[in-house]
1. Looking only at the stretch 27-35, decide whether some residue is at pLDDT 85 or above and exposed (fewer than 10 other Cβ atoms within 10 Å of the Cβ).
2. For the subset of the stretch 51-87 comprising residues that are charged (D, E, K, R) and under 29 Å from the mean Cα position of the chain (by Cα), which member is modelled with the highest pLDDT?
3. Considering only residues that are under 49 Å from the mean Cα position of the chain (by Cα) and among the small types (G, A, S), which ones fall in the stretch 1-42?
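The values are calculated or read from the model by the stated rules, or taken from the named source; none is laboratory data. On a predicted model such as this, the values are computed, not experimentally measured, just so you know. Here Cβ is always computed from backbone atoms with ideal geometry, including for glycine, and neighbour counts include all displayed protein chains.
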Amino acid sequence: MAMDDETRRRLEQAMVEAHRTRQVPFLGPDWSDAVMREVRRVAIRSAHGNGVTAIDRLVWRTAGIAAAVALVLTVSLITWSQTRSPDGGGLAAEELESAPWFFD
């Protein structure tokens, strides 16, 4: 729908006038105090974290430490087994062959 210039000008003027005369709500000191109290409460809760995030961090730290310990033990065991037997693990193969329940 096309508008002529006069209609467009009157519509713009009505919008400008409505914008100028709009009422701004009065926000008293009680409202701003309540907002700041809520902001501080949320900030404190975020800084301390809730129980789930603290447990998550503990689990991931423990998993990292456990992986590092497992790696060190694996490397130690491989190094120790190679120095003990020159054929490199033949002892373990002999033990598996002599176990009759393993092949049943």
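1. Checked against the condition, which is being at pLDDT 85 or above and exposed (fewer than 10 other Cβ atoms within 10 Å of the Cβ), the stretch 27-35 yields at least one hit.
2. Here the answer is R61.
3. A18, G28, S32, A34
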